[in-house]
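Written out below as structure tokens is the structure these notes cover.
The values are calculated or read from the model by the stated rules, or taken from the named source; none is laboratory data. On a predicted model such as this, the values are computed, not experimentally measured, just so you know. Cβ coordinates were reconstructed from backbone atoms using ideal geometry, including for glycine residues, and neighbour counts include every protein chain displayed. Calculation scope for accessible area: heavy atoms of the full protein, side chains included, ligands and nucleic acids excluded. Shrake-Rupley method; radii C 1.70, N 1.55, O 1.52, S 1.80 Å.
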Amino acid sequence: RPRALSGIQPTAGSFHLGNYLGAVRQYVALQETHDAFYMVVDLHAITIPQDPQELRANTRVAVAQLLAAGLDPDRCTLFVQSHVPEHAQLAWVMNCLTGFGEASRMTQFKDKSTKQGADRTTVGLFTYPVLQVADILLYQASQVPVGEDQRQHIELTRDLAERFNSRFGHAFTVPSAHIVKETGKIYDLQDPSIKMSKSASTPKGIISLLDEPKVSAKKIKSAVTDLETVVRFDEESKPGVSNLLTIYATLTGVSIAELERKYEGKGYGALKTDLADVMLDWVAPFRARTQEYLDDPETLDNILAKGAEKARTVAAETLALAYDKVGLLPAK
Ligand code: AQP
């Protein structure tokens, strides 16, 4: 089976709807066809300040959500990034292969560092994409399920894998981004020109999956649309309505064409009311399942222990190969 790998940050506690539709849903799908590795990337999380106690708690919350979303530890390898020390180790090697200018061109870093200001921006945030490169290459992953915002980081991963392979001899599979066109970018409900995001969205613009379901339903009802009344998918001129249609279609499996027919002549009110119900029906059991996993931390930690052990077997082999290729003298 080809390998897949992806990671998600534990920073906000709750995942948001964009995380779920853009990434986590694809994790669940790929565990059926791939030898899939999924991790909660706590090392990435500390590139911005974290409260230690919250980070620890949120790491379990992230794992519980992944399980609630449908990841099955018998079908995929689920672990926490810091439990596998090879991530940080390979990241160092890849740091030494990455150009300063190349890293400086990463748009996510440019956005975040501009917002934070130079004094509050860490070197860790700067090399974040290189740690991500190591994450992916350690598992020889061929597919990386992510949202559209990660495309540039996957391109960097491909470049560095090729650079390493041609400089030192073949060590790494060159991966591809697995981005689903329809859901690769879910937009903010209040400003459909930007992506739904925990750092840029206002509270009304983002649906946090662990919020009270009623709150999420209300946010759908107050989503920004446009001055027309026709329910039609048109990302250019009707980004708000198109975003709602994408969310609706993905959560229910009903096609967008069918939804357009269903709401012909009915206007936005009906669309939003129904989607709010869909949201309630989806979010309520998701929340309950997440809580069940959180109520049993021992089982959760056992899943993580098994996952880390499996991940380490693969990661250690790749790291040893990379160290050898680079010319690091093996310890006796
Ligand atoms: N709006 C989105 N639409 C589709 N996919 C998205 N992803 C994030 N936002 C959207 C995808 O979710 C996965 C996990 O991302 P992450 O761990 O990098 O999460 P994040 O960075 O905490 O998400 P945000 O909201 O985007 O955070 P900020 O605002 O801090 O950057 C990734 O595969 C991502 O593509």
Of the residues in the stretch 199-252, those that are of a type in the set (A, V, I, L, M, F, W, C), open to solvent by 20 Å² or more (accessible area, probe 1.4 Å) and in a helix (DSSP H, G or I) come to Val215, Leu251
What about Asp135, is it part of a helix (DSSP H, G or I) and within 21 Å of Asp35 (Cα to Cα)? yes
Considering the stretch 135-151 alone, what residues qualify as being more than 13 Å from Gly7 (Cβ to Cβ) and within 11 Å of the ligand (Cβ to nearest atom)? Glu148, Asp149, Arg151
What do you reckon, is Tyr248 out of contact with any strand residue (DSSP E or B) (no Cβ under 9 Å at 6 or more places or on another chain) and either farther than 19 Å from Phe15 by Cβ or touching a residue at least 24 places away in the same chain (Cβ under 8 Å) (or both)? yes
When you look at Arg312, is it within 21 Å of the chain's Cα centre (by Cα), charged (D, E, K, R) and within 30 Å of Asp135 (Cα to Cα), yes or no? no
Just to be sure before I move on: is Leu328 outside any helix (DSSP H, G or I) and out of contact with any helix residue (DSSP H, G or I) (no Cβ under 7 Å at 6 or more places or on another chain) in the structure I sent? yes
Count of residues meeting criterion [surrounded by 17 or more Cβ atoms within 10 Å (Cβ to Cβ) and of a type in the set (A, V, I, L, M)] in the stretch 257-277: 4
Scanning the stretch 159-185 for residues that are closer than 26 Å to Thr114 by Cβ and either open to solvent by 60 Å² or more (accessible area, probe 1.4 Å) or among the polar types (S, T, N, Q) (or both), which turns out farthest from the ligand (Cβ to nearest atom)? Asp159
I'm trying to understand the selection: among the residues of the stretch 90-134, which are more than 20 Å from Asp159 (Cα to Cα), of a type in the set (D, E, K, R) and within 15 Å of the ligand (Cβ to nearest atom)? Asp111, Lys112, Lys115, Arg120
Quick one: which residue in Ile154, Ile136 is within 14 Å of the chain's Cα centre (by Cα) and either open to solvent by 70 Å² or more (accessible area, probe 1.4 Å) or free of Cβ contacts under 8 Å to residues at least 60 places away in the same chain (or both)? Ile154
Considering each residue of the stretch 104-120, count those that are under 26 Å from Ala311 (Cβ atoms) and either open to solvent by 40 Å² or more (accessible area, probe 1.4 Å) or in a helix (DSSP H, G or I) (or both), and give that number. 1
For residues that are part of a loop (DSSP other than H, G, I, E, B) and crowded, with 21+ Cβ neighbours inside 10 Å, tally how many sit in the stretch 186-198. 5
